[in-house]
């Protein structure tokens, strides 16, 4: 095997290597759960489940809670050597990818409750769109990891161009 084939094989193996894989935190939806619990309490206490109003409030609140729980468990973020892959929500079937060459800016947004839960939102901007990854645990460390991988990908491509 020549050096070029060996180099190409090594870069092909490292491109799909998973660096970090994670799911969003359930604490991201604390407000929805609080409001839904209040609505369920209201449905039982004020209206009763025998009335149409109480049953409607209970149904909508239950569906809202189930949707948010499913969205947390079906959302997946994967950081690879090549880019960031993600699948959001219970109805998403495809794994989308943002390559490091497309990323222009990465920023962290945190509210006061998110700081308490040590979670935050990563906003990744490209030329065409921006993607918000909600409920990321330790968002500043994740941002540093993505920036480091973006730099390493740039170095690999630069080295490959010099060799070829």
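The values are calculated or read from the model by the stated rules, or taken from the named source; none is laboratory data. In this text, all values refer to a predicted model and were calculated from it rather than measured experimentally. As a convention, Cβ positions derive from the backbone with ideal geometry for all residues, glycine included, and neighbour counts pool all protein chains shown.
Observations on the structure shown:
- Qualifying residue in region 94-115 (condition: touching a strand residue (DSSP E or B) at 6+ places or on another chain (Cβ under 9 Å), closer than 23 Å to residue 66 by Cβ and in a loop (DSSP other than H, G, I, E, B)): yes
- Residue 48 modelled with pLDDT under 90, surrounded by fewer than 15 Cβ atoms within 10 Å (Cβ to Cβ), under 20 Å from residue 135 (Cβ atoms) and touching a helix residue (DSSP H, G or I) at 6+ places or on another chain (Cβ under 9 Å): no
- Hits in region 61-86 (condition: without any contact (Cβ under 8 Å) to a residue 60 or more places away in the chain, closer than 25 Å to residue 39 by Cα and surrounded by 14 or more Cβ atoms within 10 Å (Cβ to Cβ)): 61, 62, 64, 65, 67, 68, 69, 71
Conditions tested, residue by residue: (1) farther than 23 Å from residue 114 by Cβ; (2) in a helix (DSSP H, G or I).
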| residue | (1), (2) |
| --- | --- |
| 20 | no, no |
| 30 | no, yes |
| 42 | yes, yes |
| 46 | yes, yes |
| 57 | yes, yes |
| 64 | no, yes |
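- Residues being farther than 21 Å from residue 27 by Cβ, loosely packed, with under 14 Cβ neighbours inside 10 Å and over 14 Å from the mean Cα position of the chain (by Cα) are entirely absent from region 114-124.
- Inter-residue pairs, beta-carbon under 7 Å, first within 21 Å of residue 76 (Cα to Cα) and in region 26-52, second surrounded by fewer than 16 Cβ atoms within 10 Å (Cβ to Cβ) and modelled with pLDDT of 90 or more, 6+ apart: 30/113
- Note on region 139-164: residues that are surrounded by 14 or more Cβ atoms within 10 Å (Cβ to Cβ), without any contact (Cβ under 8 Å) to a residue 60 or more places away in the chain and within 19 Å of residue 109 (Cα to Cα) amount to 2.
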